[in-house]
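So that we are looking at the same thing, I have put the structure below in structure tokens.
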Amino acid sequence: MNAKESLYNSLPDGLKKEIDLLVSTFSLTEQIQLELIKNEADLHIAGEESLRSRLDMDAIMALDKGARRSAFIKAMRKEMTSYFGSEIDYSSFHPGTMRHDRISVVREDIPLGFGKCPCPVDGEETRCCKLKTLDVITQCAFSCSYCSVQAFYDENRIRVVDNLAEKLNALKLDDSIWHIGTGQASDSLFLGNDYNTLNDLSDFAEKHPNTVIELKSKSKRDVFDRKYPRNIIFTWSLNAPSAIEKEERGTALLPQRLAAAEKARDNGSLVGFHIHPMIRFRGWEEEYHALAREIESRFDSKDILMISSGTLTFTKENLRFIREHGVSTRVLQMPKAPVAGKYSYTFEQKKEMFSHLFSSFSKNFLSGIFTYLCLEDPRLWLPVLGREYKCDRDFESDMREKYLAKITSA
């Protein structure tokens, strides 16, 4: 089954009938049919009206028969260009809850090894920190609409690496493996320490004091009934409240995530924040500004290791998964400009968003924190952060120096 048939078959019967009528009425080619189906899918999962309701069909049908097809295509593209070019309106979007209530958690004898950051090849189109990934848990029970994790793993099963301590001890670390992230295939804190994962990672961190273990979460889970090695860093993925409510269903609310980060800080751990993915919606400027001010009001820069940011970015596979699974979302209203083999906001939109966010912090506050852009065009760094790196190696070297200096400063 090809991409067009697969997406078409995933749509509701009523919408398929509308598509069939348009295809037969205007004798649409295979290519235009796929374009039409993608557009209808994007509108459907956003809770928007279909194209037949959005276009002036009477005016199109009033034209000579030979002109109708081109008029329809032109009208469809004009309408969708306007739709993708406008900011998301969340006031009329009510997606409901999408928790995975039937998801199970199992221990499995999964091989354990290091993966790599999903950035493209060395620094040509993005600037990459060369993070090593360690998938001690795979799959997530949260329901973030834009997330690619659920597309890669069994939808109804979270897998926890069995005999983790033994497998961690068997890992071979060389000088290149200094920054390890556990939040790429799951949420690092969703299961807390229920399966002894945090204890095993802590023992591993103590044996490798020059290795930074980063736990990344959207959870409110309280795991701070014990002390952790200084080189275990607790980071939270943060977003504007509207984005959390509408697109990150099932996750902890912003105040809950910040409260969890405060517990980590009070327990003696360094924390970090990934304000990612930024989303353009009506009112985004005010909400991201307020988010920055809230962080600065609740934390001292000496307690924060890093603050990063990035925007929505999709692969073709990710877009296909969202459309075919009917994920209720409005994130696909973004323009989907080609960026480094993926789809995202335009360069100028990104520049505006990141500049607005980081300028919302005071310069004095950020001066004591390592800031960076994740999976983003290197040309954005200088206008947004006031510095840039010639290559990935320089970025990684600076991050390593700053991280280890702050970790060992206590």
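The values are calculated or read from the model by the stated rules, or taken from the named source; none is laboratory data. Bear in mind the structure is a predicted one, so any value in this text is a computation, not a measurement. Glycine also receives a Cβ, built like all others from the backbone with ideal geometry; neighbour counts cover every protein chain displayed. Just so you know, the surface numbers come from the protein's heavy atoms only, side chains and all, with ligands and any DNA or RNA stripped out. Shrake-Rupley method; radii C 1.70, N 1.55, O 1.52, S 1.80 Å.
Per 5 Å bin, what is the whole-percent P(r) computed from every C-alpha pair distance within the range 199-290?
3, 14, 22, 21, 15, 11, 8, 5, 2, 0
Ok, one more. May I ask you to rank ARG52, ARG226 by accessible area, largest first, using a 1.4 Å probe over the protein chains only?
Sorted descending by solvent-accessible area, the residues read ARG52, ARG226.
Moving to a separate point now. Heavy atoms only, probe 1.4 Å: what % of the accessible area of the chain goes to carbon and sulfur, would you let me know?
Of all accessible area on the chain, carbon and sulfur atoms account for 48 percent.
Given charges of +1 on the Cβ of Lys and Arg and -1 on the Cβ of Asp and Glu, with all other atoms neutral, how large is the dipole of the range 280-385 about its Cα centre, in debye to the nearest 20?
The dipole magnitude comes to about 380 debye.
Tell me whether the range 242-311 comes out rounded, prolate or oblate; compute the Cα gyration tensor, take square roots of the eigenvalues as a ≥ b ≥ c, and use a/c under 1.5 as the rounded threshold.
Cα axes put the range 242-311 in the prolate bin.
Let me ask another. Is there a quick way to get the dipole size of the range 323-399? I mean about its Cα centre, with the Cβ of Lys and Arg at +1 and of Asp and Glu at -1; what is the value in debye to the nearest 20?
In debye, rounded to 20, the range 323-399 gives about 240.
Rounded if a/c is under 1.5, else prolate if a/b is larger than b/c, else oblate: which is the range 166-208, with a ≥ b ≥ c the root eigenvalues of its Cα gyration tensor?
oblate
Mind computing the radius of gyration and Dmax over the alpha-carbon atoms of the range 258-410? Å is fine for both.
Both quantities, over Cα of the range 258-410: 16.8, 50 Å.
How would the range 1-54 be classified by its alpha-carbon gyration tensor: rounded, prolate or oblate, with rounded meaning a/c under 1.5 and the a/b versus b/c comparison settling the rest?
oblate
Could you report the accessible area of THR25 in Å², rounded to 10, computed with a 1.4 Å probe on the protein chains as they sit in the structure?
THR25 exposes around 60 Å² with every protein chain in place.
Of the options TRP284, ALA252, VAL223, report the single residue whose Cα projects farthest towards the positive end of the charge dipole of the chain (beta-carbon charges: Lys, Arg +1; Asp, Glu -1).
Ranked along the dipole, the leading option is TRP284.
What span do the alpha-carbon atoms of the range 136-187 cover on each of the three principal axes, reported in whole Å from largest to smallest?
The principal-axis extents, from largest down, are 37, 24, 14 Å.
Find the all-direction average of the projected area of the Cα convex hull for the chain, expressing the result in square nanometres with one decimal place.
Mean projected area for the chain: 21.0 nm², to one decimal.
Follow-up. Tell me the Kirkwood radius of the range 281-356: reciprocal of the mean inverse pair distance over distinct alpha-carbon atoms, in Å.
So the Kirkwood estimate lands at 14.7 Å.
Counting heavy atoms of the protein chains only and a 1.4 Å probe, report the per residue accessible area for the chain as a whole number of Å².
In whole numbers, the chain has 45 Å² accessible per residue.
Heavy-atom accessible area of LYS220 with all protein chains present, probe 1.4 Å, nearest 10 Å²?
Surface open to solvent at LYS220 totals about 120 Å².
Would you mind checking which residues have amide H under 5 Å from LEU270's amide H? H placed 1.01 Å from N; only 5 or more apart, or other chain.
Those qualifying (amide H under 5 Å, at least 5 residues apart or on another chain) are PHE234.
Once Rh for the range 200-253 is found with the Kirkwood sum over Cα pairs, what is the Stokes-Einstein diffusion coefficient at 25 °C and 0.890 mPa s, in µm²/s?
Taking Rh from Cα pairs, D becomes 191 µm²/s.
Given the range 311-401 reduced to its alpha-carbon atoms as identical point scatterers, what log10 I(q)/I(0) does the Debye formula return at q = 0.15 Å⁻¹?
-0.71
Another question, if that's okay. Heavy atoms only, 1.4 Å probe, whole protein assembly: order ILE213, ILE110 by accessible area, highest first.
The ranking, largest first, comes out as ILE110, ILE213.
Another one. Could you check which residue among VAL331, VAL339, VAL106 shows the biggest mean-square fluctuation in a GNM of the chain with a 10 Å Cα cutoff?
Of VAL331, VAL339, VAL106, the Gaussian network model singles out VAL106 as fluctuating most.
Also: In what sequence, largest accessible area first, do ARG298, ARG323 appear using a 1.4 Å probe?
From most accessible down to least: ARG298, ARG323.
For the chain, modelled as a GNM with alpha-carbon contacts under 10 angstrom, which of GLU287, GLU247, GLU79 fluctuates the most?
GLU79
Let me ask something else. Please state the charge dipole magnitude for the chain, taken about the Cα centre, from unit charges on C-beta atoms (+1 on K and R, -1 on D and E), reported in debye and rounded to the nearest 20.
So the dipole magnitude of the chain works out to roughly 280 debye.
Follow-up question, since we're still on this one. Under the rule of at least 5 residues apart or a separate chain, name every residue whose amide H is placed under 5 Å from the amide H of THR133.
Correct list: GLY115, LYS116, CYS117, GLY181.
What number results when the radius of gyration of the range 16-80, computed over Cα atoms, is divided by 2.2 N^0.38 Å?
Compactness ratio reported: 1.04.
Have a look at the DSSP beta bridges in the chain and tell me what percent are antiparallel, nearest 5.
Approximately 30 percent, going by the DSSP bridge assignments.
If you take the C-alpha gyration tensor of the range 187-341, multiply each eigenvalue by 5 and take the square root, what semi-axes do you get, largest first, in whole Å?
Here the semi-axes work out to 30, 19, 15 Å.
With every protein chain left in place and a probe of 1.4 Å, what is the accessible surface of GLU286, to the nearest 10 Å²?
The value for GLU286 is about 120 Å².
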